[in-house]
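Colleague: My questions will all concern the structure given below.
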Amino acid sequence: MHSILVPIDGSEQARHALKHVIKSITEGLQAEIHVLNVQPIVLPLGELPLIDADLIEKAQQEQAKKLLKSACALLEKADLKYIQHAEIGPVASTIVDYAKTHACDSIVMGSRGMGAFGNLVLGSIANQVVHLTDLPVTLVK
């Protein structure tokens with residue numbers, strides 16, 4: 001069975017990517033779906049002794065739960081089974097590491113559609129994932 005990783009970040013493009021996968025499966029593709037939310041590492045700027053790392057991590061876990069809940073609702077509505085997971089780390093490399101560790105065959109993710117100039121200046125998670133993995137990556141707008 002094919003295994004597809006769909007990173008979820010709360011964007012409309014990520015939602016479109018998930019809908020693309022759902023459509024493919026309802027049209028006959030046999031696949032296991034993994035939905036993953038990666039919260040970026042938050043580092044304090046300067047020396048701020050009032051920042052509680054545990055409080056930040058708890059907030060990130062809550063945010064991940066919220067974003068995954070929305071994605072999982074789409075999968076449940078389509079009556080599809082899935083595996084959900086949340087991590088904290090460098091976003092692109094965490095996506096690639098998850099795909100490798102969980103033997104995913106492909107990654108389907110949203111593209112923010114920043115355009116060539118925006119990607120050149122800022123880069124994009126999707127662009128980084130494409131360059132970090134050997135897996136097929138489908139970008140959905």
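Colleague: Which of the residues spanning the stretch 25-43 are among the small types (G, A, S) and within 18 Å of the chain's Cα centre (by Cα)?
Modeller: Within the stretch 25-43, just A31 meets the criteria.
Colleague: Answer yes if at least one residue in the stretch 114-133 is out of contact with any Pro (no Cβ under 8 Å at 6 or more places or on another chain), at pLDDT below 85 and assigned to a loop (DSSP other than H, G, I, E, B), and no otherwise.
Modeller: yes
Colleague: Name the pairs: first residue in the stretch 3-26 and closer than 14 Å to V91 by Cβ, second residue part of a loop (DSSP other than H, G, I, E, B) and of a type outside the set (G, A, S), Cβ to Cβ under 6 Å, at least 6 apart or on different chains?
Modeller: Final answer for the pair search is L5/C104; A14/I8.
The values are calculated or read from the model by the stated rules, or taken from the named source; none is laboratory data. Predicted, not measured: the structure shown is a model, and the values here were computed from it. Cβ sites come from the backbone with ideal geometry, for glycine too, and all protein chains shown count toward neighbours.
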